[in-house]
Amino acid sequence: MIKAVVFDAYGTLFDVQSVADATERAYPGRGAYITQVWRQKQLEYSWLRALMGRYADFWSVTREALAYTLGTLGLEPDEAFLADMAQAYNRLTPYPDAARCLAELAPLKRAILSNGAPDMLRALVANAGLADSFDAVISVDAKRVFKPHPEAYALVEEVLGVTPAEVLFVSSNGFDVGGAKAFGFRVARVARLPREALARELASGTIAPLTVFKALRMQEETYAEAPDFVVPALGDLPRLIAETAGGMR
């Protein structure tokens, strides 16, 4: 039986696109570009550091990715500016249905498993008013690895005291869906943008930076096992669990 529902944070519960307000204020006319490249490099640097065995926490990675992004525009901000700008990732907007979804999932254990550094995650959930919605907020920093490394997912067992078969893992990120499924969790993918909708957007004319992000980060991956469930929004999860409770045993 499912005893715990564990969520990815960035892009699943919290909208990474909400940093666009901060990037546009800082660099008018370039905010959309900065937002997308910053996120892509943030993930890329986490994977590269993991592969090289040169771990640095996600706060460091986030600043490094921002420095790279601004560097492509010929900008070289100082460390104080980078740290201040990176705070945008601690103030991400939760998706509109996140709070209701979490409330309706009680009394199941509810947790976050994220690449975010511990201080980032504490600030993130507190700023969103969701600190009381979780039984645990788990950072991969405890293992000094990043998802999708299996050791990251093993933290769920250690912290919550559940087996993989008792976990429903929820993510909108393809790499995370694949990693969680390979680890042995049952996985629900939040598919906010159907492939058909993306195809129409790509065929509509000039391809904007946000559209490239949607193609890279919001679609199901072809290298990994398919998720067990697909939902269009977080708000559909409580009903999914209620309707399929027998099949989740």
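The values are calculated or read from the model by the stated rules, or taken from the named source; none is laboratory data. Bear in mind the structure is a predicted one, so any value in this text is a computation, not a measurement. Using ideal geometry, Cβ is built from the backbone for each residue, glycine included, and neighbour counts are taken over all protein chains shown. Just so you know, the surface numbers come from the protein's heavy atoms only, side chains and all, with ligands and any DNA or RNA stripped out. Shrake-Rupley method; radii C 1.70, N 1.55, O 1.52, S 1.80 Å.
Across the range 213-227, which residue is most open to solvent (accessible area, probe 1.4 Å) among those that are closer than 15 Å to Leu43 by Cβ and in contact (Cβ under 8 Å) with a residue 24 or more places away in the chain?
Leu216
Assuming Thr211 fulfils every condition listed in (1) among the β-branched types (Val, Ile, Thr); (2) at pLDDT 95 or above; (3) part of a helix (DSSP H, G or I) apart from one, which condition is it?
(2)
Select from the range 192-203 the residues that are in a loop (DSSP other than H, G, I, E, B) and surrounded by 14 or more Cβ atoms within 10 Å (Cβ to Cβ) and write down the one among them that is farthest from the chain's Cα centre (by Cα).
Filtering first and then ranking leaves Leu193.
Of the residues Leu70, Leu102, which single one is farther than 23 Å from Asp141 by Cα, modelled with pLDDT of 95 or more, over 21 Å from the mean Cα position of the chain (by Cα) and surrounded by 21 or more Cβ atoms within 10 Å (Cβ to Cβ)?
The unique qualifying residue is Leu70.
Yes or no, residue by residue, for (1) more than 20 Å from the chain's Cα centre (by Cα); (2) open to solvent by 20 Å² or more (accessible area, probe 1.4 Å); (3) of a type in the set (Val, Ile, Thr):
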{"position": "Glu157", "(1), (2), (3)": "no, yes, no"}
{"position": "Val170", "(1), (2), (3)": "no, no, yes"}
{"position": "Asp176", "(1), (2), (3)": "no, no, no"}
{"position": "Phe185", "(1), (2), (3)": "no, no, no"}
{"position": "Val190", "(1), (2), (3)": "no, no, yes"}
{"position": "Gly205", "(1), (2), (3)": "yes, yes, no"}
{"position": "Thr211", "(1), (2), (3)": "no, no, yes"}
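Would you be able to say whether some residue in the range 60-68 is under 30 Å from Val167 (Cα atoms) and touching a helix residue (DSSP H, G or I) at 6+ places or on another chain (Cβ under 6 Å)?
Yes, the range 60-68 has at least one match.
Among the residues that make up the range 229-236, is at least one of them part of a strand (DSSP E or B), open to solvent by less than 20 Å² (accessible area, probe 1.4 Å) and among the hydrophobic types (A, V, I, L, M, F, W, C)?
yes
For Ala22, indicate whether it is free of Cβ contacts under 8 Å to residues at least 60 places away in the same chain and not charged (D, E, K, R).
Judged against the criteria, Ala22 is not a match.
Pairs, please: C-beta under 8 Å, at least 6 apart or cross-chain, first residue among the acidic types (Asp, Glu) and in the range 129-150, second open to solvent by 20 Å² or more (accessible area, probe 1.4 Å)?
Short answer, once both residue conditions are applied: Asp135/Lys109; Asp135/Arg110; Asp141/Asp57; Asp141/Pro118.
Pick from Pro77, Pro94: which is open to solvent by 30 Å² or more (accessible area, probe 1.4 Å) and under 30 Å from Ala242 (Cβ atoms)?
Pro94
Would you confirm whether any residue within the range 123-133 is assigned to a loop (DSSP other than H, G, I, E, B) and out of contact with any strand residue (DSSP E or B) (no Cβ under 7 Å at 6 or more places or on another chain)?
yes
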